[in-house]
Structure formats: structure tokens, C-alpha cells
Amino acid sequence: MVRPLPGINNDTRFFWTGGENNELLIFRCEDCQYYIHPPVRFCPKCESRNVEPSATSGKGVVTSFTINHKQWMPYLKVPYVVALVSIAEQEDVRLVSNIVHCDLDDVHIGMRVKVLFEQNEDLWVPLFEPDVTV
């Protein structure tokens, strides 16, 4: 799927390029181990500024989703799933992404998923697919 690409900066580059090494990278506080997303260089839990990208398992759970039927852009193939995925390491870290490689009717809240990456130019967009290893 061709998609609009995000603007990136020094605080987000790691998130959009980690997929080159098949890693879902999320900022993590080096002092209290709290994951932080969207990425900011400040830990809201302990107020540390000792925050660095950290590889996650790439696994998660669908906490909410919608099936989009409107073709917002001429090159987008519809329908597609837009989901809120909580990462396995910390439930309150949620990523907005697409669920792929399954029937739309099979997507459900509580569905276990794993990350895969779609390369677009020099960025790797994290998408999720059913985790059948569970």
C-alpha cells in the first residue's frame, strides 16, 4: 500500500528506521525502565531525561480498531483496518497502525498481533499481523 509518510526529526527517526533491522524501537527511561510513546526526551513517570530508544518484542494486543471504507486518497486500497495496538511490554503504550494479512472479519479487540515493517523510501512503517505463535 502506498501511504503518506511522516515527517521525521531527531526524536522520531529511530522509530521510523528501526524496521531496517526488524526492531520496533520505543523510547525507554534508562532510570526507571518506563516506555514513552509518542517519543519525548523526558520520562513522565520519574522525570528523568535519561531516555533512549529500546527494542521491544514487537508483540502487542489490539485494544481498539475501525475498518475504513472511505478512499481518502486515490491510491489507498479500501477497506483497511486502523487499530490501536498496546505493546506487550507496557499496556499504556499504544501505537496507531494497520492490521494486515488477515480477513477483516477476524480482527477483534484482544487479538494478539506482531509487528512487521513496510519499507517506503528510507523509512520502515510498523504494521501488525496476527500472532499465530501464541
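For the stretch 107-129, name all the residues that are outside any strand (DSSP E or B), closer than 15 Å to Thr66 by Cβ and not β-branched (Val, Ile, Thr).
If the condition is that a residue be outside any strand (DSSP E or B), closer than 15 Å to Thr66 by Cβ and not β-branched (Val, Ile, Thr), then His108, Met111 are the ones that fit.
Go through the stretch 10-21 residue by residue and tally those that are touching a strand residue (DSSP E or B) at 6+ places or on another chain (Cβ under 7 Å) and either surrounded by 15 or more Cβ atoms within 10 Å (Cβ to Cβ) or assigned to a loop (DSSP other than H, G, I, E, B) (or both).
Selection size over the stretch 10-21: 6.
Could you give every pair whose Cβ atoms fall below 7 Å, whose first residue belongs to the stretch 105-134 and is farther than 27 Å from Asn9 by Cβ, and whose second residue is loosely packed, with under 11 Cβ neighbours inside 10 Å and at pLDDT below 95, counting only separations of at least 6 or pairs across chains?
Close Cβ pairs (under 7 Å, with a partner that is loosely packed, with under 11 Cβ neighbours inside 10 Å and at pLDDT below 95) amount to Arg112/Val134.
Take the stretch 96-106 and flag every residue that is among the hydrophobic types (A, V, I, L, M, F, W, C) and in a loop (DSSP other than H, G, I, E, B).
Within the stretch 96-106, Val100, Cys102 meet the criteria.
In the stretch 70-96, what count of residues is obtained for those that are more than 14 Å from Gly58 (Cα to Cα) and not hydrophobic (A, V, I, L, M, F, W, C)?
Qualifying residue count, the stretch 70-96: 8.
The values are calculated or read from the model by the stated rules, or taken from the named source; none is laboratory data. Keep in mind that what you see is a predicted model, and the values were worked out from it rather than measured. Neighbour counts are summed over all protein chains in view; Cβ atoms, including those assigned to glycine, are modelled from backbone coordinates with ideal geometry.
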